[in-house]
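Structure first, then comments.
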Amino acid sequence: DGGQVALIKHDDFWQPTDVQVAPDGKVYVADWGANEVFIFSADWEIITHFGEDGNGPGQFGTFSPDSLAVSPDGDIYVLDDNETDDEEDFTRIQVFDADGKYLREFPIETDDPEIEEMDFGPEGNLYLVDWFGDIIYKYSPQGELLGQVGEEALNWAGPRDVAIDQAGNLYVAIWSPEGVMKLDPQGNLVAQFGAEVE
């Protein structure tokens, strides 16, 4: 009914921006202000937190991490907008195990990526919302770009966030017109909430 059940707090929180719940009940919180990811138990007790400012493995850029996603096998994929020592911008996904141990990373090398949020589909692929490009990119868990979804439906929509159901349908929060689009797994518009479909 929307009533508050509990409140997760930590003294080191600065600017939490995303939260995801793993299949085992662990809660992961991305905090770009602290340059960290916080891990809580299913009972909302702090387990650990990891990350720091920097551009090396396990480090995050200024105002990062902003988004994360939990894979079906429990690994944590963290979006990191960063820059090299020569101040050249780059975007990458860093992968950690369920306890926050760094595993690997892969770059996002699309044209001028402005990735907002991401989620895993039931088939185990990662979907990234590019609000500037009005598109959703599909990546394999290993970081291979498999394609893009919703190019026609999301044109000029300004997608901001995505959630994917067990059938593979994508629910996309959009900026214009304000509302939510439901896309089928191929990216076709199925329904729209909050505004009439023309």
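The values are calculated or read from the model by the stated rules, or taken from the named source; none is laboratory data. Only a predicted model underlies this, so the values are computations on that prediction, with no experimental measurement involved. Please note: Cβ atoms are built from the backbone with ideal geometry, for glycine as well, and neighbour counts cover all protein chains shown. Just so you know, the surface numbers come from the protein's heavy atoms only, side chains and all, with ligands and any DNA or RNA stripped out. Shrake-Rupley method; radii C 1.70, N 1.55, O 1.52, S 1.80 Å.
Express the accessible area of segment 125-164 per residue in Å², computed with a 1.4 Å probe while the remaining protein chains stay in the model.
About 47 Å² of surface per residue is accessible.
For the chain, a Gaussian network of Cα nodes joined below 10 Å ranks Gln142, Gln166, Gln59 by mean-square fluctuation, and the top entry is Gln166.
Placing dummy labels 7 Å off each Cα toward the beta-carbon, the span from Ile47 to Asp97 is 1.2 nm. Candidate cross-link partners of Lys182 among the lysines, defined by an alpha-carbon separation under 23 Å and a same-chain spacing of 8 or more, comprise Lys138.
Quick one: length gained pulling Thr84 to Arg104 fully straight, 0.36 nm per residue minus the C-alpha distance?
Details: separation 20, 0.36 × 20 = 7.20 nm, distance 1.76 nm.
So the extension gain works out to 5.4 nm.
Normalised by residue number, the volume inside the convex hull of the Cα atoms of the chain is 130 Å³ per residue. A protection proxy built from the mean count of other Cβ atoms within 10 Å ranks the segments 35-47, 14-26, most packed first, as 35-47, 14-26. Between Ala173, Ala30, Ala69, the GNM of the chain built on Cα springs shorter than 10 angstrom shows Ala173 fluctuating the most. Mean sequence separation of contacting Cα pairs (under 8 Å, at least six apart), scaled by the length of segment 107-198, corresponds to a relative contact order of 20 percent. Taking the protein heavy atoms of segment 99-146 in the context of the full set of protein chains, the accessible area attributed to carbon and sulfur is 44 percent at 1.4 Å.
For Lys9, the lysines whose Cα comes closer than 17 Å to its Cα, not counting residues fewer than 8 places off in the same chain, are Lys26.
Straight-distance candidates among the aspartates and glutamates for linking to Lys101, with alpha-carbon spacing under 15 Å and chain neighbours fewer than 8 residues away dropped: Glu36, Glu52, Asp73, Asp75.
Taking every alpha-carbon pair under 8 Å whose residues sit at least 6 apart, the chain reaches a relative contact order of 10 percent. Remark: C-alpha extents of segment 78-132 on the principal axes read 36, 28, 14 Å, sorted largest to smallest.
Using bins of 5 Å that start at zero, the share of Cα-Cα pairs per bin across segment 39-140 amounts to 2, 12, 22, 24, 20, 12, 5, 2, 0, in whole %. Between Glu114 and Lys182, the contour length at 0.36 nm per residue exceeds the Cα-Cα span by 22.3 nm. Over segment 60-158, what is the mean sequence separation of C-alpha contacts under 8 Å (at least six apart), divided by residue count, expressed as relative contact order in percent? About 18 percent, as a whole number. Springs between Cα atoms under 10 Å define the GNM used for the chain, and in it the highest mean-square fluctuation of Asn155, Asn55, Asn169 occurs at Asn155. When the Cα convex hull of segment 126-183 is projected onto planes of every orientation, the mean area is 3.7 nm².
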